[in-house]
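Values in this text are rule-based calculations from the coordinates and carry no lab data. These numbers come from a predicted model, not from an experiment. Virtual Cβ from ideal backbone geometry, glycine too; neighbours counted across all protein chains shown.
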Amino acid sequence: MTNKTQKTLNRPIALTPEEIVAQLRILREQMPDQPTPVQKGRSPLHSVNPHFVQAAVNAAGTSESVTVALGRTGEELQQEIDMDGRWTAVSDELRSLLLEVLTGNAARRQRLALAALQTYQICQQLARDDERHAGLAVHIEEMRRLNRFGRRRARAEAEAAPSPQE
């Protein structure tokens, strides 16, 4: 077996965009119920110092009165801190995946735009031979009409007819 063949065998199968969406939906269905935030938007609770939170968990773990008043043990709170760290890793990976998808989309759009501009230039050159490429004239005119590359957009004021002053 050649080195190239072995690399191909160890490589994961590339999924289509539709298959990836289906996989993400399956993942979403398999996620445990996520706690809903008490408040929507940015809350002062988001800015509580993590060291303060850990100190409070430690206090809850040492006092039975605090545990009863809070309705949760220090161990339960510590487990929630651990779970938060694990879910932070998930959100970091998802953010990274989203960035890769956005970067890939931008690269595809750029390649398509370059191919379209090259096609336009090629069609213009071929259309010089009217006999062989007469059918391109319609397409060239449509591309010319739709092309905004290198042109400034006309301002709304310039297009509007001047109103008569009374």
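Could you tell me the calculated FRET efficiency between Q110 and Q23, based on Cβ-Cβ distance and R0 = 30 angstrom, to the nearest 0.05? Could the numbers behind the result be given before it?
Details: r = 27 Å, r/R0 = 0.89.
According to the calculation, E is roughly 0.65.
Here the extension length gained between A59 and R148 equals 25.6 nm, from 0.36 nm per residue of separation less the Cα-Cα distance.
Whole-Hz Karplus values for the range 65-74 come out as 5, 5, 4, 5, 5, 7, x, 8, 8, x Hz, taken residue by residue from phi with 6.51 cos²θ - 1.76 cosθ + 1.60 and θ = phi - 60°; glycine and proline positions read x.
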